[in-house]
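Inspection log for the structure reproduced underneath, given as structure tokens.
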Amino acid sequence: MTTNPKPARRAGHGEDTIYWDGAKKRFVGAVSLGYAPDGRRLRPKVYGKTKTEVRGKIRDLKNEVAAGVRTPANYTVENAVSDWLERGLKGRDEQTVGKNRTLATKHLIPHIGRAKLKDLSADDVDDWLTGRAEYLATRTLRDVLAILRRSIEHAQRRDKAVRNVALLVTVPEGRTGRPSKALNLEQAKAVLGAARGSRLYAYLVLSLLGGVRTEEARPLTWDHVYLTPEDGIPPHVAVWRSVRRHGETKTRKSRRTIALPKQVVDVLVEHLRWQKQERASHGIEWRSDGRVFTTRSGEPLDAANVRRDFRAIVKKAGIDPEWTPRELRHSFVSLLSDHGIPLERIALLVGHSSQATTEAVYRKQLRPVITQGAEAMDEIFAERHKASVPKA
């Protein structure tokens with residue numbers, strides 16, 4: 001007498017189940033995780049070639065839930081990076097957001113974006129960085145790794161990742177970056193000569209002879225430029241803001257007040273006279289707190305336009321056009337150093353050391369105005385350059 005095999009017990013309500021899916025040719029594990037706030041039953045599924053593999057995935061999923069983390073099975077690195085770009089950069093300036101988005105879309109997402117975040121390993125990240133090291137400078141490699149780290153950290157804060165494997169790797173040595181350059185005295189004179197008569201002339205004179213960063217020159221306003229101060233105070237400029245977020249300078253130490261060389265004063269006096277005339281001819285109201293450097297329509301200067309116009313000037317000067325406006329600051333430091341100015345004084349001028357000059361200048365005190373750079377530049381550029389009216 002034969003006996004019928006005992007039928008398999010059917011999983012009870014709320015229990016996990018494992019079954020064979022003929023269409024997918026995989027075992028399926030359905031996990032019961034309770035109910036969502038809207039009353040829907042939470043029953044995610046995992047897949048595997050064997051029941052043992054499925055049981056392991058069910059166990060891992062339950063461990064994540066117990067730890068308060070639940071990484072969706074289809075949540076990829078691209079999803080994490082996109083979420084961070086969308087939600088993790090709120091309040092940052094557009095330039096910062098744009099830079100991170102460009103790096104992510106060019107160097108991160110195309111190469112590692114399809115990886116499932118829950119399966120991402122430190123070896124995966126290492127291999128990705130090693131592959132990009134052939135094409136990117138070390139600094140850029142650091143930036144793209146920082147994006148990945150912050151994206152996973154953002155996912156962790158939203159219970160979509162258990163650990164941040166990007167913290168377990170180090171940045172490899174990348175391609176040698178473009179070295180910073182500095183104009184020598186003859187090149188500097190040639191550039192200023194080529195710029196004379198252009199809208200960018202006063203901008204370049206202030207940057208080269210004053211050591212002002214290009215990001216500090218663009219937002220500079222006339223109420224922070226003192227061409228004829230009283231009480232014996234030398235002409236000076238208060239470098240208190242930049243185009244960075246909330247107008248802050250690069251660092252707190254970058255807030256400084258520096259005396260202006262005589263040649264810079266002459267050029268700015270002429271620039272101010274010309275700007276008032278131009279605004280009057282266009283019917284634009286003159287404001288004493290307006291920007292020192294603007295477009296023809298009175299709008300703020302754009303960094304890309306400054307770079308473009310500067311390259312044209314450098315080319316006109318007969319110099320290799322692969323220069324950028326920020327290298328005027330390097331040139332300022334180099335020229336002062338060649339002239340024998342001690343490095344600690346140069347550091348004060350470029351904002352690399354602590355100083356309390358901001359409030360002191362407004363109190364009409366002479367000593368806090370840093371004069372060494374202005375005096376040296378008047379000696380270096382001994383030949384007086386007559387300021388000319390920029391071409392309209």
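Just wondering, is there one or more residues in segment 298-307 that are more than 26 Å from Lys99 (Cβ to Cβ), of a type outside the set (Lys, Arg) and more than 28 Å from the chain's Cα centre (by Cα)? So far as segment 298-307 goes, no, none of its residues is more than 26 Å from Lys99 (Cβ to Cβ), of a type outside the set (Lys, Arg) and more than 28 Å from the chain's Cα centre (by Cα).
Against the condition outside the structural domain of Ala312 (by TED's automatic domain parsing) and assigned to a helix (DSSP H, G or I), how does Ala146 come out, does it pass? Steps first, please.
Details: outside the structural domain of Ala312 (by TED's automatic domain parsing): yes; assigned to a helix (DSSP H, G or I): yes.
The answer is yes for Ala146.
What do you reckon, is Gly193 part of a loop (DSSP other than H, G, I, E, B) and assigned by TED's automatic domain parsing to the domain that holds Gly298? Reasoning before the result, please.
Values: part of a loop (DSSP other than H, G, I, E, B): no; assigned by TED's automatic domain parsing to the domain that holds Gly298: yes.
Spelling it out, it is not the case that Gly193 is part of a loop (DSSP other than H, G, I, E, B) and assigned by TED's automatic domain parsing to the domain that holds Gly298.
Within segment 280-294, being modelled with pLDDT under 85, surrounded by 12 or more Cβ atoms within 10 Å (Cβ to Cβ) and not hydrophobic (A, V, I, L, M, F, W, C) holds for one residue alone: Arg287.
Test of understanding: among Ala104, Ala80, Ala115, Ala122, which residue is surrounded by 21 or more Cβ atoms within 10 Å (Cβ to Cβ), within 23 Å of Leu61 (Cα to Cα) and not polar (S, T, N, Q)?
Details: Ala104 fails: within 23 Å of Leu61 (Cα to Cα); Ala115 fails: surrounded by 21 or more Cβ atoms within 10 Å (Cβ to Cβ); Ala122 fails: surrounded by 21 or more Cβ atoms within 10 Å (Cβ to Cβ).
Just a single option satisfies the conditions, and that option is Ala80.
Among the candidates Gly318, Gly210, the residue that is at pLDDT 85 or above, surrounded by 13 or more Cβ atoms within 10 Å (Cβ to Cβ) and among the small types (Gly, Ala, Ser) is uniquely Gly210.
Just checking, does segment 128-143 include any residue being hydroxyl-bearing (Ser, Thr, Tyr), within 20 Å of Ala317 (Cβ to Cβ) and within 24 Å of the chain's Cα centre (by Cα)? No, the conditions are met nowhere in segment 128-143. What tally of residues in segment 127-170 results from selecting those that are free of Cβ contacts under 8 Å to residues at least 24 places away in the same chain and small (Gly, Ala, Ser)? Number of matching residues: 2.
Here is a yes/no grid of residues against (1) at pLDDT 75 or above; (2) touching a Ser or Thr at 6+ places or on another chain (Cβ under 7 Å); (3) acidic (Asp, Glu); (4) outside the structural domain of Ala122 (by TED's automatic domain parsing):
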{"position": "Arg10", "(1), (2), (3), (4)": "no, no, no, yes"}
{"position": "Val31", "(1), (2), (3), (4)": "yes, no, no, yes"}
{"position": "Gly34", "(1), (2), (3), (4)": "no, no, no, yes"}
{"position": "Arg59", "(1), (2), (3), (4)": "yes, no, no, yes"}
{"position": "Gln95", "(1), (2), (3), (4)": "yes, no, no, no"}
{"position": "Asn100", "(1), (2), (3), (4)": "yes, no, no, no"}
{"position": "Leu108", "(1), (2), (3), (4)": "yes, no, no, no"}
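The values are calculated or read from the model by the stated rules, or taken from the named source; none is laboratory data. Just so it is clear, the structure is predicted and the values come from calculations on it, not from any experiment. When we count neighbours, we look across all protein chains shown, and the Cβ atoms used for this are built from the backbone with ideal geometry, even at glycine.
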